[in-house]
Structure formats: structure tokens, C-alpha cells
Amino acid sequence: MPFFSKKNKKTPTRLFYATDLHGSERTYRKFINAGKFYDVDILVMGGDITGKLLIPIIKEKNGNYRATLQGSVEHFSTQTELDELIIRLDTLGFYHKLMDEDEFQTLSADEKAVDDVFNELARQRLSNWVDLAEERLAGTGKKCFVTGGNDDDPSVLGAIKREGTESFFGCEGDMVYVDDDGHSMVSVGFSTKTPWNTPREVTDEQLHEMIEEMVTKVPDMSRAIFNFHDPPLNSSLDTCPMLDWDKDPPEPIIKSGQMIMHGAGSKSVRKAIETYKPMLGLHGHIHESQSVAKIGRTTCVNPGSEYGEGILRGCLVTFVDGEVLGYQMTSG
């Protein structure tokens, strides 16, 4: 008779995480396709999912078009040129609206109307993203979890909370199970204060209260994922130039010819990780700080972001039974 029996091993869960896509169509399509490309079970898209700018494309009386892009006025005389412009704007994550000169002048004089148009276009893009995920992931068994960030207007984020979806789930404020092995995730998209006064900023004390409310929903911290947009303070996931907030726009602080770098993350996020010791921390917010760090037993990742170039930065994470088996940063 055999002295040893072979134990059945659980199949590890494979997760792909990306963040700070800022409305970029090309980057989002790569994100959805990453499920198949990397053969993962779960897709997680972190905060800052909406774009930053609305670009008016003005039809002139001679039938040509003009648009101001990154400080330069560009002119377009053919439909091909116009189509190429729209593709470029979509990649940058910008929104656009075609209008004549009179419409442009009227809109420019009404700040609320500009905000209304921007938010409507942002909601429509997010709604289209939900449709695309539902179409591409249908029948695959893969799930896509999405949360907002500090840059995302609350009135726009409602577009990702759609009832009856099978693959795409707006998960902020909820505890969700990411697999059948009891691994759960809680998400907080707010950040601490920035120089840009973005829509969803709070004090670190308020962020602490939000986190404490979320952790009460976690059934097993050893199998928990903290999907917190703000990275933990001084963790290497939050390193960026120190800015002079008194300048408009804010400028990097230079001393002795060197740019001063510092940790811009959240004390509350770090404290929560140190206190509760989740399996995994998923973070973003600081685009230039691609890094993986260990805080106690917790593996924390920030894949960074190059959304404006149409480049998808991400991180593949494999875990089983509350243990991270491995991770790999990706870019493509």
C-alpha cells in the first residue's frame, strides 16, 4: 500500500491590474484584451478612469475644421485628417465635440454648459466601455472590476454601476469576491489633497474613516485585496517631484539644480496595510512611480501609467490560499 497520497492542489487565481487610464480608448481596449492575452481570471482597473480635457472641433465657414491641441491651433481640410485627429484625441483620453463658430462662442461663455457637455461625453465613454467589456468578455468566465479615482466626477461614475452585467462590475464601496476561493476585494477611490483640487479629494483623516468603514466588510484579511487608489506613504509606490502649490500651475521644486522628490502617498493607507495585513494592495495615482513593495506580509503594487501614449502598464499577480505566489510588471 502507498505510504504517501498526492494532495489535490487548488488552481491559483491570475489577476491583471492596471490603473490611471484617464479616458484613453486605445489603452482601455488593450486592458480588456489583456484578459485573453495574459490568460488571467480577473481584470481590475484602478481609479482615474475619465479623461481630462474637452477639445472643441470647430467647423469653419469654408468647410474646413480647426482645433486647439496642446497649445497649438491645427487645421484640417479632409475627412481623413479629421478622422486621424479624433483617433489621436481618443488615445490621449480627451473628449471632442463638433460645432460651428457660433456654438463655440456660446459654449465658451458658459462655464456650466462646458461642464455639462464634458460630463455627458465622459459618461458616454464609460457606458461604451461597459458595453465593450460585456461584449469581449462574454462567455469567458473572466470578470472585470472597476473603480473611480480622485479625478473622476461622482456624477460621471454612475455610468459604471450598471445593473445586470455579467462581466463588468463597478465595485467601489463594495466588498466583492474575485474568485471562488474566498479572496475578497474592497475599493476606495478617493485621494488625499492635491494641488489640482480634483473632484474626489479628502483629508487623510477622512480617508482613514472611509477605509475603516470598508475593512469592516472584509470576512478574512488573510485573503483580502485592498484596492486603494492612493498609495501608502513612503513606500516607493508614491515617489514623485515635490511641487510648489503656490504656483499656477504647480511647479517642481528645484534645489542645487536637482528636482526634489518625496513620497506623496497616504499615511492612512499605509497604517491600514500595516494594521490589517491584507494579502495584496493595488494602488495608482502617482503615474511615474511604477513599483512593487512589501509592507509586512502585504505585496503592494503600482504599475504606473503612460495612458497618453496608448501604452498599457499593468501588473500580473498570481495567488492562492491567501498567498501571493508571484507578480510581473507588464508594458505594451
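The values are calculated or read from the model by the stated rules, or taken from the named source; none is laboratory data. From a predicted model like this one, the values you see are computed outputs, not experimental measurements. No Cβ is skipped: glycine too gets one built from the backbone with ideal geometry, and neighbour counts run over all protein chains shown. Side chains are part of the model used for accessible areas, which takes the heavy atoms of the whole protein and leaves out ligands, DNA and RNA. Shrake-Rupley method; radii C 1.70, N 1.55, O 1.52, S 1.80 Å.
Inspect segment 127-144 for any residue being touching a Leu at 6+ places or on another chain (Cβ under 7 Å) and open to solvent by less than 70 Å² (accessible area, probe 1.4 Å) and give the result as yes or no. Yes, segment 127-144 contains at least one residue that is touching a Leu at 6+ places or on another chain (Cβ under 7 Å) and open to solvent by less than 70 Å² (accessible area, probe 1.4 Å). Within segment 42-77, the only residue that satisfies the criterion of being part of a loop (DSSP other than H, G, I, E, B), touching an Asp or Glu at 6+ places or on another chain (Cβ under 8 Å), farther than 14 Å from residue 100 by Cα and open to solvent by 70 Å² or more (accessible area, probe 1.4 Å) is 52.
Quick one: would you say residue 236 is closer than 30 Å to residue 87 by Cα and either among the aliphatic types (A, V, I, L, M) or not in a strand (DSSP E or B) (or both)? Against the criterion (closer than 30 Å to residue 87 by Cα and either among the aliphatic types (A, V, I, L, M) or not in a strand (DSSP E or B) (or both)), residue 236 does not qualify. Every listed requirement among (1) open to solvent by less than 60 Å² (accessible area, probe 1.4 Å); (2) of a type in the set (D, E, K, R); (3) over 15 Å from the mean Cα position of the chain (by Cα) is met by residue 152 save one, (3). Taking segment 125-143 as the range and being within 28 Å of residue 196 (Cβ to Cβ) and touching a helix residue (DSSP H, G or I) at 6+ places or on another chain (Cβ under 8 Å) as the test, the residues that pass are 125, 126, 127, 129, 130. In segment 306-321, is there at least one residue being open to solvent by less than 20 Å² (accessible area, probe 1.4 Å), over 14 Å from residue 230 (Cα atoms) and in a loop (DSSP other than H, G, I, E, B)? For segment 306-321, residues open to solvent by less than 20 Å² (accessible area, probe 1.4 Å), over 14 Å from residue 230 (Cα atoms) and in a loop (DSSP other than H, G, I, E, B): present. Taken over segment 123-171, the criterion of being without any contact (Cβ under 8 Å) to a residue 40 or more places away in the chain and assigned to a loop (DSSP other than H, G, I, E, B) is satisfied by 138, 139, 161, 162, 163, 164, 165, 166, 167. Within segment 21-41, being in a loop (DSSP other than H, G, I, E, B) and touching a Ser or Thr at 6+ places or on another chain (Cβ under 9 Å) holds for 21, 22, 23, 24, 38, 40, 41. Residues of segment 57-72 that are at negative phi and within 30 Å of the chain's Cα centre (by Cα): 57, 67, 68, 69, 72.
Of the residues in segment 111-124, how many are in contact with a helix residue (DSSP H, G or I) (Cβ under 9 Å, 6 or more places away or on another chain) and more than 30 Å from residue 144 (Cβ to Cβ)? Within segment 111-124, residues that are in contact with a helix residue (DSSP H, G or I) (Cβ under 9 Å, 6 or more places away or on another chain) and more than 30 Å from residue 144 (Cβ to Cβ) number 2. Consider segment 292-305 and keep the residues that are open to solvent by 30 Å² or more (accessible area, probe 1.4 Å) and out of contact with any helix residue (DSSP H, G or I) (no Cβ under 8 Å at 6 or more places or on another chain). The one that is farthest from residue 219 (Cα to Cα) is 292. Does residue 230 qualify as being within 26 Å of residue 23 (Cα to Cα), open to solvent by 10 Å² or more (accessible area, probe 1.4 Å), in contact with a Gly (Cβ under 8 Å, 6 or more places away or on another chain) and assigned to a loop (DSSP other than H, G, I, E, B)? Criteria not met by residue 230. Scanning segment 252-279 for residues that are part of a strand (DSSP E or B) and crowded, with 23+ Cβ neighbours inside 10 Å turns up just one, 266. For segment 204-217, a residue qualifies if it is open to solvent by less than 50 Å² (accessible area, probe 1.4 Å) and without any contact (Cβ under 8 Å) to a residue 60 or more places away in the chain, and exactly one does: 214.
Mind checking whether some residue in segment 75-85 is of a type in the set (A, V, I, L, M, F, W, C) and more than 30 Å from the chain's Cα centre (by Cα)? Yes, some residue in segment 75-85 is of a type in the set (A, V, I, L, M, F, W, C) and more than 30 Å from the chain's Cα centre (by Cα).
Looking at segment 10-22, can you tell me whether even one residue there is over 24 Å from residue 166 (Cβ atoms) and surrounded by 13 or more Cβ atoms within 10 Å (Cβ to Cβ)? Taking every residue of segment 10-22 in turn, at least one turns out to be over 24 Å from residue 166 (Cβ atoms) and surrounded by 13 or more Cβ atoms within 10 Å (Cβ to Cβ).
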